[in-house]
Structures are given as C-alpha cells and as structure tokens.
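Novice: Can you read through this structure? Questions will come right after.
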Amino acid sequence: MTFSTRLKEEMTEYDGDSIEKRAELAAIIRYDAHITKDKITITSENAKIARRIYKNLKEIFNINIKIIVRNQKRFRIKQIYILEIKEKINYILESLNIYQNGHKIKANENYLEVYEEKKAYLKGTFLSTGSVNDPSTSGYHLEFVFSTQTDALFIQKILKSLKFDAKVLKRSNRYMVYMKAAEDISDLIKMFNAINSLFYFEDIRIYRDHKNMVNRLNNCEIANQEKTTSTGLKQLESINFIRQHDLYDLLDDHTKIVLEYREKYPESSYTELAEIISLETDYQIGKSGINHHFIKVKKLIDQYQQNKKD
C-alpha cells in the first residue's frame, strides 16, 4: 500500500459534522463524479473512500444509492467501487452549490465561509484528485489534478488563503496544483487529521534533514581540509623561495620557528600548528599569530621581487 493510499484511508476515519461532510461531498462530486441529467456516478478504487461517500450521502440526503463492484484486470486484478445516484439529483447538486437552475456553476469561495468548510473541501478534493509522494523514496511532492484550469486556480486560491504555497502547472491536457515545501505538506496532512501519517512523514523528514546536515558538514570538512592542504603547499613554496634567495636570515627568530614547524607539518591547519608550536617550544602562539608570520613572509617576498624589477 502506498503512502498516499494510507493517508487517504486514515483521512476517512475522521467523521466531522454535517457542514464539513457537505463541503467534502461538494468537492468529491464536483471533481470526481460523472453527472448526467438522470444520474450521478462516483467511482473509487478504495473501499474505505467509497464507504465514506456512501455513508455521508445517505446521512445528509436520505437517498437510495446503488453500489456496483467490478474487477478491473490491468496488470493486476483490483476492485472498482461505483456509486450510482438516481434520485434527488437536482436537489443534491444545488444543495452542494455545483449546479443552479440546471447549469453547472463555478466553484465559489463565498460558499466556504469558515475554516472548517475550507478544510473539509480540500479534504474531499484530495480524496478524489490528490496524491502525495512517499518521503522515504523520493522528494517532497503533493498534488491535486484537474481537468480545467478554473478548478485548479480555485483550489490554489483556497490553499493560499490558508497560507499554503501552491503552484499551478499544465501537464498534457490536465492542470496540476502542487506543493513542494515539506513544511506545507506536513501542515496539510495535520489539517486532514491524519496523525499516524503525519508522524511517519515527520520521522522521515527529520531523518533526511539530519542526513543532509551530516553530508553538508562532511562536505565542509573536506573543503576545509583541501583548503588547508592547498595553503600549506603554497607556504612551503614561499619558504623554499626565501631559502633559495638568501632571505631566511632577514626573518626574526619567532618567524623562523613558525616556518620550521610548517615544513614539519605541511598539512596542519593554523590552529593545529599553533598548538604544536606552543607545546614543543617556549613560544606561545595562536592561530592569528601564525597568519601574521606568513603575512610577513609574503611581504618580504613581494619586496624582494619589486626591488629586483626596479
């Protein structure tokens, strides 16, 4: 079972009040039902979702609903659940603000007056058109897929009104509303009252964030080591230059100590070099002191090269 399926099944466990149920049904029928003059047909591959739709329709509209179960043979055998509604069709569609005077109307945020209605509408939308990647197998990605741009923009508007960063993308002849930010996906799962799925998502997220942090620290350590090695090699070249051009005796005793230990420990960092010198000699020095001595060496070399040019 995929993470997306587990999440949807957990979402069906939260009951909600009659207002929430109406908002949820409004989204499911608008985006996932086949509507004709004589019949509303809702198809689902998930038994729990089909059972929830059946229960809510029965409870709110007190209607008879025909249930058809079919086996679909595509790669593997799976059951398809079909709900057929043949009574109170106009009343249901108008009550859920999907049709008015026999014509389909655009979804309107004014019908979703309170937070709970928006939340339930998004819940119904996700149950019918949504999916989310398993965070353990791929990147963070949650999406809703629609047949029209109008529907996609409406859901984006609702998500943004609830402070979610959602974007719209056209894919083939469909429109996708998607979220990539892990925090937004986590907050949406929390809003859907899917606590077990939320804990799973957060556990994976914490693990991945920790792993990324360790990788970044390792990369920084490697970069620092490469920088230290490169610096040490350049300083050895400077020391060789000073010796070859009889400049060594122009240096003070403390600088000579630093150069001597740099030749012994070419791959040590300034901090390590300062600790070694402080332990093995009478000269107590720190990282900045090491740097100061090599600045003096550079100035001596620069002065020598300038005098030679002159």
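Novice: With (1) surrounded by 13 or more Cβ atoms within 10 Å (Cβ to Cβ); (2) under 30 Å from residue 132 (Cβ atoms) as the list, and residue 206 as the residue in question, which single condition is left unmet?
Specialist: Exception for residue 206: condition (1).
Novice: Among the residues of the stretch 30-57, what is the count of those that are of a type in the set (Val, Ile, Thr) and over 12 Å from residue 83 (Cβ atoms)?
Specialist: Residues meeting the conditions: 2.
Novice: So, one more: Among the residues of the stretch 171-180, is any of a type in the set (Val, Ile, Thr) and assigned by TED's automatic domain parsing to the domain that holds residue 130?
Specialist: So the first thing to find is which residues in the stretch 171-180 are of a type in the set (Val, Ile, Thr), and the list is 177.
So of that shortlist, the ones also assigned by TED's automatic domain parsing to the domain that holds residue 130 come out as 177.
Within the stretch 171-180 (the criterion being of a type in the set (Val, Ile, Thr) and assigned by TED's automatic domain parsing to the domain that holds residue 130), the answer is yes, since at least one residue qualifies.
Novice: Here is a follow-up. Do we find that residue 257 is without any contact (Cβ under 8 Å) to a residue 40 or more places away in the chain, surrounded by 14 or more Cβ atoms within 10 Å (Cβ to Cβ) and part of a helix (DSSP H, G or I) in this structure?
Specialist: Details: without any contact (Cβ under 8 Å) to a residue 40 or more places away in the chain: yes; surrounded by 14 or more Cβ atoms within 10 Å (Cβ to Cβ): yes; part of a helix (DSSP H, G or I): yes.
It is true that residue 257 is without any contact (Cβ under 8 Å) to a residue 40 or more places away in the chain, surrounded by 14 or more Cβ atoms within 10 Å (Cβ to Cβ) and part of a helix (DSSP H, G or I).
Novice: Ok, one more. Kindly establish whether residue 82 is farther than 18 Å from residue 22 by Cβ and surrounded by 12 or more Cβ atoms within 10 Å (Cβ to Cβ).
Specialist: Numbers: farther than 18 Å from residue 22 by Cβ: yes; surrounded by 12 or more Cβ atoms within 10 Å (Cβ to Cβ): yes.
Judged against the criteria, residue 82 is a match.
Novice: For the stretch 151-160, indicate whether the set of residues that are in a loop (DSSP other than H, G, I, E, B) and not aliphatic (A, V, I, L, M) is non-empty.
Specialist: No, the stretch 151-160 contains no residue that is in a loop (DSSP other than H, G, I, E, B) and not aliphatic (A, V, I, L, M).
Novice: Another question, if that's okay. Does any residue of the stretch 103-111 turn out to be touching an Asp or Glu at 6+ places or on another chain (Cβ under 7 Å) and either surrounded by fewer than 18 Cβ atoms within 10 Å (Cβ to Cβ) or among the polar types (S, T, N, Q) (or both)?
Specialist: no
The rows are residues; the columns are (1) farther than 21 Å from residue 12 by Cβ; (2) outside any loop (DSSP other than H, G, I, E, B).
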{"residue": "91", "(1), (2)": "yes, yes"}
{"residue": "118", "(1), (2)": "no, yes"}
{"residue": "121", "(1), (2)": "no, yes"}
{"residue": "135", "(1), (2)": "yes, no"}
{"residue": "144", "(1), (2)": "no, yes"}
{"residue": "170", "(1), (2)": "yes, yes"}
{"residue": "178", "(1), (2)": "yes, yes"}
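Novice: Which pairs turn up if I take residues in the stretch 129-153 that are within 21 Å of residue 29 (Cα to Cα) and look for partners that are part of a loop (DSSP other than H, G, I, E, B) and at pLDDT below 90 with beta carbon separation below 6 Å, at least 6 apart in sequence or on another chain?
Specialist: none
Novice: Another question, then. Being touching a residue at least 40 places away in the same chain (Cβ under 8 Å), out of contact with any Leu (no Cβ under 8 Å at 6 or more places or on another chain) and among the small types (Gly, Ala, Ser) narrows it down to one residue among 181, 223, 194; which is it?
Specialist: Exactly one residue qualifies, and that residue is 181.
Per-residue answers, yes or no, for (1) closer than 20 Å to residue 6 by Cβ; (2) over 23 Å from the mean Cα position of the chain (by Cα); (3) outside the structural domain of residue 43 (by TED's automatic domain parsing):
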| position | (1), (2), (3) |
| --- | --- |
| 85 | no, yes, no |
| 94 | no, yes, no |
| 103 | no, yes, no |
| 110 | no, yes, no |
| 122 | yes, no, no |
| 127 | yes, no, no |
| 156 | no, no, no |
| 164 | no, no, no |
| 167 | no, no, no |
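Novice: Same structure again: So, residue 133, is that one more than 29 Å from residue 197 (Cα to Cα) and not aromatic (Phe, Trp, Tyr) or not?
Specialist: no
Novice: Given the options 295, 285, name the one that is assigned by TED's automatic domain parsing to the domain that holds residue 249, at pLDDT 85 or above and surrounded by fewer than 18 Cβ atoms within 10 Å (Cβ to Cβ).
Specialist: Sole residue among the options that is assigned by TED's automatic domain parsing to the domain that holds residue 249, at pLDDT 85 or above and surrounded by fewer than 18 Cβ atoms within 10 Å (Cβ to Cβ): 295.
Novice: Could you tell me whether any residue of the stretch 43-58 is of a type outside the set (Gly, Ala, Ser) and at positive phi?
Specialist: No - not one qualifying residue is present in the stretch 43-58.
Novice: Answer yes or no: is there a residue in the stretch 140-155 that is loosely packed, with under 13 Cβ neighbours inside 10 Å and not polar (S, T, N, Q).
Specialist: No, the stretch 140-155 contains no residue that is loosely packed, with under 13 Cβ neighbours inside 10 Å and not polar (S, T, N, Q).
Novice: Do you know which residues across the stretch 1-20 are without any contact (Cβ under 8 Å) to a residue 60 or more places away in the chain, within 15 Å of residue 48 (Cβ to Cβ) and of a type outside the set (Asp, Glu)?
Specialist: 1, 5
Novice: Also, I was wondering about something else. Taking the condition of being surrounded by fewer than 16 Cβ atoms within 10 Å (Cβ to Cβ) and closer than 16 Å to residue 290 by Cβ, how many residues in the stretch 239-253 meet it?
Specialist: Residues in the stretch 239-253 being surrounded by fewer than 16 Cβ atoms within 10 Å (Cβ to Cβ) and closer than 16 Å to residue 290 by Cβ: 2 in total.
Novice: Spot the failing condition for residue 238; the list is (1) within 53 Å of the chain's Cα centre (by Cα); (2) part of a loop (DSSP other than H, G, I, E, B), and only one is missed.
Specialist: So residue 238 meets the others, but not (2).
The values are calculated or read from the model by the stated rules, or taken from the named source; none is laboratory data. Since this is a predicted model, take the numbers as computed values, not measurements. We place every Cβ from the backbone using ideal geometry, glycine too, and count neighbours over all the protein chains shown.
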